[in-house]
1. Out of all the residues in the stretch 318-325, is one or more more than 21 Å from the chain's Cα centre (by Cα), hydroxyl-bearing (Ser, Thr, Tyr) and part of a helix (DSSP H, G or I)?
2. Quick one: would you say residue 172 is part of a helix (DSSP H, G or I) and surrounded by fewer than 22 Cβ atoms within 10 Å (Cβ to Cβ)?
3. Looking for whichever is farther than 30 Å from residue 218 by Cβ, of a type in the set (A, V, I, L, M) and within 20 Å of the chain's Cα centre (by Cα) here; the options are 345, 402, 412. Which one fits?
4. Specify the residue that is nearest to residue 319 (Cα to Cα); the eligible residues are those in the stretch 30-65 that are of a type in the set (S, T, N, Q) and modelled with pLDDT of 90 or more.
5. Residue 62 - would you say it is assigned to a helix (DSSP H, G or I) and under 26 Å from residue 120 (Cα atoms)?
6. Can we say residue 270 is at negative phi, among the basic types (Lys, Arg) and modelled with pLDDT under 95?
7. Need the failing condition index for residue 29 against (1) in a loop (DSSP other than H, G, I, E, B); (2) over 22 Å from residue 149 (Cα atoms); (3) touching a strand residue (DSSP E or B) at 6+ places or on another chain (Cβ under 7 Å), just the number.
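The values are calculated or read from the model by the stated rules, or taken from the named source; none is laboratory data. Quick caveat: nothing in here was measured; it's all calculated off a predicted structure. Here Cβ is always computed from backbone atoms with ideal geometry, including for glycine, and neighbour counts include all displayed protein chains.
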Amino acid sequence: MNIAYITAGAGGMYCGSCLRDNALAAQLLKSGHEVHLIPVYTPTRTDEANVSQKRVFLGGINVYLQQHLGLFRKTPWFLDRLWDDPAILNIATRWGVRIDPAHLGALTVSMLRGGDGFQHKEIQKLALFLKRELSPDVINLPNSLLMGLAPEFKAQMDTPICCTLQGEELFLQGLAQSHRDESLRLIRSHAAHVDAFIAVSEYCASYMSDFLGLPEKKIHVVPLGINLEGHGAEKKNSSDPFTIGYLARIAPEKGLHELCEAYRRLRVKKKSLPSRLWAAGYLAPEYRPYLAGIERKISEWGLEKEFKFHGELDRQEKISFLHSLNVFSVPSPYDEPKGIYLLEAMANGVPVVQPRRGAFPEIVETTGGGLLVDPDDPDALAEGILSLWENPEKRTELSQRAGQGVRAHFGAEKMAQRALSVYQTLIDATRRSASSR
C-alpha cells in the first residue's frame with residue numbers, strides 16, 4: 001500500500017500528535033508498506049528514529065508571510081523554497097513556537113478556506129507533489145484544522161482521504177467566537193471531501209462527532225499505540241523515597257498545579273515518611289510564569305526540597321525517569337482525548353492515578369494499570385495516590401497489569417493494523433466505484 005501521511009510539525013516541541021504519527025508511519029514501513037510521512041509547517045521532532053521526509057510543505061514562514069503580506073502570495077515557487085528549508089525553519093522555531101489560538105484565528109480560517117485562502121499557492125504545491133511524485137493509494141491528514149487541503153486534493157486525484165482526530169478541539173475552543181464559528185462551518189463543509197475520520201479514542205470519536213458535526217458512520221476508532229522498544233518495568237529500590245511523577249507539557253491544561261495541590265494534601269496526612277514529586281516535560285516560554293507560580297507555592301508550603309522539575313527529556317532520559325517513579329499522574333482538568341504519557345508510564349510498570357474524564361477511563365480500564373478518581377477534586381486525587389502508597393501489594397499488582405495491558409492493547413503494531421484496515425476499506429471502495437463507471 002502506498003500511503004501519503006501528512007503530519008503537522010510543532011517546531012522544537014515534543015508533540016504527542018507528532019510522536020503518534022511517527023510511530024504509526026514507522027510501524028507501517030516496518031510492515032512493508034510504502035509510507036511518505038510529509039511534515040507541514042515545521043520539521044517534526046520525535047524522541048525515536050524520525051521517518052518523516054526532509055522537505056517541509058506549507059512551511060510556517062511562508063504560511064505566515066502569505067497571511068500578512070500580499071506580495072508573498074505571488075512570489076515564484078523557487079523563492080518560497082528558501083523559507084521552507086528545514087534548517088531555516090529550525091532556526092526560526094529554536095526558542096519555541098507560540099501556538100496561541102487567540103492570535104491565530106484569522107490564519108486558521110484562511111488555512112481552512114484552502115484554495116480560497118491566502119495560502120492557496122502552498123496547498124497547490126503539496127497537491128501537485130502528491131499527484132506527480134507519489135500517486136498514493138490513500139492520503140491521511142493529521143487533524144481537522146487541515147481539512148481545507150481536502151478539496152484541492154480531490155480536484156487533483158481520485159484518492160481516498162482520511163483525517164485523524166487527535167486533540168485539536170482545545171485549539172478550536174480557544175479561538176475568538178467569530179473565528180471559531182467560521183472554522184467549524186468550514187470543517188463541516190469540507191467533511192464531504194473526506195472519506196473517513198480516524199479518532200484516537202472512543203471518547204474522541206463521540207465528542208468530535210458532536211463538536212465538529214461529523215457523521216458518526218464516517219468515524220473509525222484507532223486507539224493510540226507506542227513503540228515499546230526499550231520500555232519495561234524495573235525493580236524499585238525500597239530505600240528510595242516514594243516518588244510521584246508527572247511527564248507532559250508544562251501547561252495549565254495538563255494539570256501540574258492540581259497534582260501539586262493533591263501532593264500538599266497528601267503530605268498533611270503522611271508527614272513522617274520520605275516522598276517527592278518529580279515533574280518533567282516541554283516548557284514553552286509563555287508558560288514559564290506558570291511553572292514559577294507552582295514553584296513559589298511549593299516553597300510557601302515548605303515542600304521545596306521534595307519537588308524537582310527535570311526539564312525536557314529525550315527517549316532514554318524519559319525511560320530512566322519513569323523507572324524512578326512509584327506512581328504517575330497527569331490530572332488534566334479538561335477532557336483529554338489522547339494520553340500517550342499514560343501508555344509510556346504503564347509500559348514501564350508505573351501504575352497511574354487519573355481523573356475519570358476524557359479518554360482516561362478507556363485507557364485505564366482496558367489495561368487495568370491504574371486507578372480512576374473524581375475529576376477536579378484534589379482530595380480524591382490525593383486519596384488515590386495515598387491508597388497505592390500504603391498498599392505496596394496493590395501497587396505491584398497494578399504495575400504488572402499496566403505493562404501487560406499496554407503490550408496487549410496499545411503497541412504500535414496494533415495501531416498500524418487498525419489503521420490499515422480503515423485504509424484498505426477505503427481503497428477497495430474507491431476501486432469498486434471506479435470500475436463501475
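1. Checking the stretch 318-325: at least one residue is more than 21 Å from the chain's Cα centre (by Cα), hydroxyl-bearing (Ser, Thr, Tyr) and part of a helix (DSSP H, G or I).
2. It is true that residue 172 is part of a helix (DSSP H, G or I) and surrounded by fewer than 22 Cβ atoms within 10 Å (Cβ to Cβ).
3. From the options 345, 402, 412, the qualifying one is 345.
4. Selected residue: 46.
5. When the stated conditions are applied, residue 62 passes them.
6. When the stated conditions are applied, residue 270 passes them.
7. Of the numbered conditions (1) in a loop (DSSP other than H, G, I, E, B); (2) over 22 Å from residue 149 (Cα atoms); (3) touching a strand residue (DSSP E or B) at 6+ places or on another chain (Cβ under 7 Å), the odd one out for residue 29 is (1).
Residues are listed down the side, and each one gets a yes or a no for (1) of a type outside the set (S, T, N, Q); (2) more than 17 Å from residue 13 (Cα to Cα); (3) in contact with a Ser or Thr (Cβ under 7 Å, 6 or more places away or on another chain):
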{"position": "278", "(1), (2), (3)": "yes, yes, yes"}
{"position": "295", "(1), (2), (3)": "yes, yes, no"}
{"position": "299", "(1), (2), (3)": "no, yes, no"}
{"position": "312", "(1), (2), (3)": "yes, no, no"}
{"position": "317", "(1), (2), (3)": "yes, no, no"}
